[in-house]
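Undergrad: Questions regarding the structure given below will be posed in turn.
The values are calculated or read from the model by the stated rules, or taken from the named source; none is laboratory data. In this text, all values refer to a predicted model and were calculated from it rather than measured experimentally. Cβ atoms come from the backbone with ideal geometry, glycine included; neighbour counts cover every protein chain shown. Calculation scope for accessible area: heavy atoms of the full protein, side chains included, ligands and nucleic acids excluded. Shrake-Rupley method; radii C 1.70, N 1.55, O 1.52, S 1.80 Å.
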Amino acid sequence: MERPPVALVRRARRTNRRLAEVYPDARCELDFRSPLELLVATVLSAQCTDKRVNQVTPALFARFPDAQAYAQADPSELEEMIRPTGFFRPKARSLSGIGVALVERHGGQVPSTLEELVALPGVGRKTANVVLGDAFGIPGITVDTHVGRLVRRWGWTTSEDPVVVEREIAALVERPEWTLLSHRVIFHGRRVCFARRPACGACPITDLCPSAGIGESDPVAAAALVKTS
């Protein structure tokens, strides 16, 4: 892979610093107390809001406190408990499979390497990087729909392939920043830089964004679009 232009690296790092000022409290918005809980919550968050997942997981975590419990779970009970998150049947199969894999391969514990995590049922790079960054403190770039959309708007990449996007972001931003950068971009995508009508007139990084002006440019109208949470 060719090294990115110096000007792009500088702009990307300035964008990250600006977002850090705007979103000092950026974090994973899934509630969890252990690597297993975060892994389960992240699997459930596919095609579902974090808010909805957080409504479901307290009872789920109480009923299934460890990998063994998921491995032995009654499929119908597990499906019913996670039904509000959508796609509950494949998600239930993934959670059961994860439980079995953790018990059989990892002594019931969530592994802390990308290779081992993506080998678990239903776990891709996005989920693995969330767990690595937020449960284990190992820098990871989470390329969800918000991150992919925004970095393409910012000209950091032109790719639609999440693996390529992850690699190209990694070449621009310092490794220790990867996890928090992901959260900052997701915060910005949920609150300001929307898919259909970004609030460009109220955006704090318009001077760093080559796509500035594609959305609502009037400051007053844009400010009315901004979400606080």
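Undergrad: If I ask for residues that are aliphatic (A, V, I, L, M), closer than 29 Å to Val164 by Cβ, open to solvent by 50 Å² or more (accessible area, probe 1.4 Å) and outside any loop (DSSP other than H, G, I, E, B), which ones from region 99-136 would you list?
TA: Selection gives Val118 alone.
Undergrad: Is there a residue being within 22 Å of the chain's Cα centre (by Cα), crowded, with 20+ Cβ neighbours inside 10 Å and small (Gly, Ala, Ser) anywhere in region 206-224?
TA: no
Undergrad: Write out, first by first residue and then by second, each pair whose Cβ atoms fall under 9 Å of each other, whose residues are 6+ apart or on separate chains, and whose first residue, in region 50-72, is of a type in the set (A, V, I, L, M) while the second is open to solvent by 70 Å² or more (accessible area, probe 1.4 Å).
TA: The qualifying pairs are Val53/Asp31; Val56/Arg83; Ala67/Gln109; Ala69/Arg63; Ala71/Glu104.
Undergrad: Then there is this: Checking Ser96 against (1) out of contact with any helix residue (DSSP H, G or I) (no Cβ under 7 Å at 6 or more places or on another chain); (2) among the small types (Gly, Ala, Ser); (3) open to solvent by 10 Å² or more (accessible area, probe 1.4 Å), only one condition comes out false. Which one?
TA: (1)
Undergrad: Here's something else I'd like to know. What pairs can you find where one residue is in region 208-219 and in contact (Cβ under 8 Å) with a residue 40 or more places away in the chain, the other is surrounded by 17 or more Cβ atoms within 10 Å (Cβ to Cβ) and aromatic (Phe, Trp, Tyr), and their Cβ atoms are less than 6 Å apart, with a gap of 6+ or different chains?
TA: Cys209/Trp154
Undergrad: Against the definition (part of a loop (DSSP other than H, G, I, E, B), more than 24 Å from Thr127 (Cα to Cα) and within 20 Å of the chain's Cα centre (by Cα)), how does Pro198 come out, yes or no?
TA: yes
Undergrad: Checking the conditions here, which among Ala92, Ala46 is among the small types (Gly, Ala, Ser) and at pLDDT 95 or above?
TA: Details: Ala46 fails: at pLDDT 95 or above.
Unique residue meeting the criteria: Ala92.
Undergrad: Being among the hydrophobic types (A, V, I, L, M, F, W, C), more than 23 Å from Ala101 (Cα to Cα), touching a helix residue (DSSP H, G or I) at 6+ places or on another chain (Cβ under 7 Å) and part of a loop (DSSP other than H, G, I, E, B): is that true of Ala26 here? Please lay out each step first, then the result.
TA: On the way: among the hydrophobic types (A, V, I, L, M, F, W, C): yes; more than 23 Å from Ala101 (Cα to Cα): yes; touching a helix residue (DSSP H, G or I) at 6+ places or on another chain (Cβ under 7 Å): yes; part of a loop (DSSP other than H, G, I, E, B): yes.
It is true that Ala26 is among the hydrophobic types (A, V, I, L, M, F, W, C), more than 23 Å from Ala101 (Cα to Cα), touching a helix residue (DSSP H, G or I) at 6+ places or on another chain (Cβ under 7 Å) and part of a loop (DSSP other than H, G, I, E, B).
Undergrad: Taking the condition of being in contact (Cβ under 8 Å) with a residue 24 or more places away in the chain and open to solvent by less than 20 Å² (accessible area, probe 1.4 Å), how many residues in region 157-181 meet it?
TA: 4
Undergrad: Every residue in region 1-50 that is under 13 Å from the mean Cα position of the chain (by Cα), of a type in the set (A, V, I, L, M) and either open to solvent by 30 Å² or more (accessible area, probe 1.4 Å) or on the phi > 0 side of the Ramachandran plot (or both), please.
TA: Matches in region 1-50: Ala46 only.
Undergrad: What number of residues in region 148-169 are under 17 Å from Pro198 (Cα atoms), touching a Ser or Thr at 6+ places or on another chain (Cβ under 6 Å) and of a type in the set (A, V, I, L, M)?
TA: 1
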